[in-house]
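Everything below concerns the one structure shown next.
The values are calculated or read from the model by the stated rules, or taken from the named source; none is laboratory data. It should be emphasised that the depicted structure is a prediction, and the values quoted were computed from it without experimental measurement. For neighbour counting, all protein chains shown are included, and Cβ atoms are generated from backbone atoms with ideal geometry for every residue, glycine included. Side chains are part of the model used for accessible areas, which takes the heavy atoms of the whole protein and leaves out ligands, DNA and RNA. Shrake-Rupley method; radii C 1.70, N 1.55, O 1.52, S 1.80 Å.
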Amino acid sequence: MSDFVMLDYIYRAAADRHSPRTFILFTGDGHFAPAVRYLVQDLRKNVILYGILKDAASECREFPDEEAQMRIYWQLIVDYFDEMAERRPNALLTFLRVANDVATKHNLPLQNVEAAFSEMVKNGWFTQKKHVFPDRHAIKIVVPEWDKLIEAGLYQVKE
């Protein structure tokens, strides 16, 4: 019964001349497909849908579970190190530089990339080491532990 009440509210809101330009729906219920089609096709509204009615919506966003999302971040960080090893093998990479570069390149929240990278360091997949320059200036660099990354399934040796 609650589906029909919500559908009623959607249709009433859409009919109002001050209705929003964008509707955001959280549902996986097929009862909402006609309402979504009506909003998108007839009223030219944007519909952002979190659920399974992808074909009827203007835009659809899915939530990977936390572990899957973390693995995506991990893979992007490993890919960054792999790319840097090929392009600039002697580059000294700091935690913040890597996190900033990955977040910027992939348009991701810096905070999320930093959290994923911190977990990778905690897991022993990366080691932080002090690097001292000839002028005695020191920085803390991050070095991949390739064997551990391979073992974790995050890196494959190229043939």
Carbon and sulfur atoms account, in whole percent of the 1.4 Å probe accessible area of the chain, for 51 percent
Mind checking the angle between helix 2-15 and the chain's longest principal axis? C-alpha axes, 0 to 90 degrees, to the nearest 10.
80 degrees
I'm spelling it out carefully: the read-out is mean projected area of the Cα convex hull in nm², the candidates are [x] 14.6; [y] 8.5; [z] 11.1, and one was derived from this structure. Which label?
[x]
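Tally Lys and Arg at +1 and Asp and Glu at -1 over the other residues with C-beta under 12 Å from the C-beta of Ser19: what net charge comes out?
Details: positive: Arg12, Arg17, Arg21, Arg44, Lys45; negative: Asp16.
Overall, the nearby charge balance is +4.
Per DSSP H run of at least 4 residues, take -39500 (n - 2.57); add these up for the chain, divide by its residues and hand me the 222 nm value, nearest 500 deg cm²/dmol. Working shown, then result.
Values: 6 runs with 72 residues, N = 159.
Helices in the chain give a 222 nm mean residue ellipticity of -14000 deg cm²/dmol.
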Show which lysines lie in cross-link reach of Lys45 when reach means a straight Cα distance below 28 angstrom and same-chain residues fewer than eight apart are skipped.
Lys54
Comparing Ala138, Ala68, Ala115 in a Gaussian network model of the chain (Cα, 10 Å), the one with the largest mean-square fluctuation is Ala138
Please enumerate, by chain and number, the lysines with C-alpha under 16 Å from the C-alpha of Lys130, excluding those fewer than 8 residues away in the same chain.
Lys140
